[in-house]
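Step one of this worksheet: look at the structure below.
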Amino acid sequence: EKGALKELVKLVLTCVSARNLPKMDLVGTCDAYVEMELGGQHRKSSVKKNTYAPSWNEEFEMEARGDELLLRVFDWDFVGSN
């Protein structure tokens, strides 16, 4: 594949911040977190509660070989009781 890496490389991803996140719940504000997926590896940031402009400043290490990086921002909702 043209442009694909042949060697496995270590990536250090920094999840910095988000802004202007949409309101997803009827009550309350956003409790945001980020999920990262790369070549079958999964990482998840901490949950930043009650903000539409979360700041994480968290680093994650992943290994890649020309894989596609998928980033998704979610609103955490507590379901059930523990």
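The values are calculated or read from the model by the stated rules, or taken from the named source; none is laboratory data. Not measured: the values here are computed from a predicted model. Glycine gets a Cβ as well: all are built from the backbone with ideal geometry, and neighbour counts include every protein chain shown. When the accessible area is computed, the model is the full protein with side chains, heavy atoms only, and any ligands, DNA or RNA have been set aside. Shrake-Rupley method; radii C 1.70, N 1.55, O 1.52, S 1.80 Å.
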Accessible area per residue, Å², the chain with all protein chains present, probe 1.4 Å
75
Low-density loop cleavage sites - trypsin sites (Lys or Arg not before Pro) in the range 1-69, where at most 11 other Cβ are within 10 Å (DSSP)
Lys2, Lys6, Arg19, Lys23
In nanometres, the difference between 0.36 nm per residue of separation and the alpha-carbon distance of Met24 and Glu7 is 2.0 nm
